[in-house]
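The values are calculated or read from the model by the stated rules, or taken from the named source; none is laboratory data. Since this is a predicted model, take the numbers as computed values, not measurements. Quick reminder, even Gly has a Cβ in these numbers, built from the backbone with ideal geometry, and neighbours come from all protein chains shown.
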Amino acid sequence: MDLALIKSAGELVALGHDLVQRGNFVGANEKYSDAARKFAKQGDAMGANIASSHAAVVAIGQQTANPMAYRIASQSLLNIGGFMMKIGLREIPANQLATELDLLATELEVLSLSPTNPQQFKDKAQALQTTAMQFRAKMTGQVLVIPELFNKTVMTGEAKAPALMALAEEALGESLILDDPKAAAEHYQSARLWWMQAGRQDFADAASIRVRAYGRAAKCWFCGREVSGEGIHFVTMACELTDVVKRTGEGSALPTFDPVSNAIFACRGCYSAVFKLADDLAVKRTQELEVKIERELNEIRAQIKNIRSGR
């Protein structure tokens, strides 16, 4: 065996550092893991913990959407306290990186929540706000290591906050839409401002659409009920309107139709009743056609049978 090919634990760590700088995180993980095993065999617990921590950090690159990967790396880092970790071209205290990883894991966990009722939307909003404040309090202007390492994105803890606050406002809006659409529109307006601060004009524009829809009010064409919250509590229905018909709504404080599309406004109750009636009629008509088709098929079968029997 060529002894020159046998690397020491320290040399394996150095190779791991080099592979990280080259962007080969899988290879780096293997070198760090090999180094950890060698340190452990030598009885060097600290060396093993340091190498294992490096391995855990670069392993995140294969599962950046998995919060557990961040938690595992964070716990490993806490075992080595303030040791200066070499991550790519940067050096950072292990405990500081552990804090970043915990926050990123929390962010992933909160973002993965899928609320189905108002209280769950409120809970998610609270969790998003808390996470935003923690990024500001614990990371402030520090450039985050993980986004820079795996996504080549320079982002500070402070820069994380606006997007999280925007999402919190949107969640609060969704928690209120069933009971108070105008209040929901106000939260989406706040979300729009946060998105603009985050530099996401696309999301700001999307929030503006919700502001207009949730804040819009109309009078139901059918029952005259006045409602707000387009798309939730009232909808538009395509139809044909003559000028005479349109004039019947003159003097009403709220519109009963959209003058641009000529679509009428219908409250959710009337809209669902119309469609239920349409569905019932469609089912009835389908059943009638099935009976008629079956009768005609039976007649055709009888004719074919007569032809084959020579009658």
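Laid out as a table, the results:
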read-out	value
Residue count for the range 114-153, restricted to those that are of a type in the set (Gly, Ala, Ser) and either surrounded by 18 or more Cβ atoms within 10 Å (Cβ to Cβ) or touching a helix residue (DSSP H, G or I) at 6+ places or on another chain (Cβ under 6 Å) (or both)	4
Residue within the range 96-113 that is of a type in the set (Ser, Thr, Tyr), crowded, with 18+ Cβ neighbours inside 10 Å and either more than 30 Å from Met46 (Cα to Cα) or at pLDDT below 95 (or both) present	no
Subset tally (residues that are free of Cβ contacts under 8 Å to residues at least 40 places away in the same chain and under 19 Å from the mean Cα position of the chain (by Cα)) for the range 171-188	2
Condition met for Leu297 (more than 35 Å from the chain's Cα centre (by Cα), assigned to a loop (DSSP other than H, G, I, E, B) and modelled with pLDDT of 90 or more)	no
First in the range 237-263 and of a type in the set (Asp, Glu), second anywhere and outside any loop (DSSP other than H, G, I, E, B), Cβ under 7 Å, 6 or more apart	Asp258/Thr236
The range 224-248: number of residues that are assigned to a loop (DSSP other than H, G, I, E, B) and either closer than 20 Å to Pro181 by Cα or touching a Lys or Arg at 6+ places or on another chain (Cβ under 8 Å) (or both)	6
So Ala204, is it surrounded by fewer than 19 Cβ atoms within 10 Å (Cβ to Cβ), part of a helix (DSSP H, G or I) and modelled with pLDDT of 95 or more	yes
Those helices (runs of 4 or more DSSP H) lying entirely in the range 36-135 with at least 2 residues within 29 Å of Trp195 (Cα to Cα)	67-78, 94-111, 118-134
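To keep it simple, each residue is scored yes or no on (1) in contact with a Pro (Cβ under 7 Å, 6 or more places away or on another chain); (2) surrounded by 10 or more Cβ atoms within 10 Å (Cβ to Cβ).
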{"position": "Ala218", "(1), (2)": "yes, yes"}
{"position": "Gly229", "(1), (2)": "yes, yes"}
{"position": "Val244", "(1), (2)": "no, no"}
{"position": "Thr248", "(1), (2)": "no, yes"}
{"position": "Arg268", "(1), (2)": "no, yes"}
{"position": "Ser309", "(1), (2)": "no, no"}
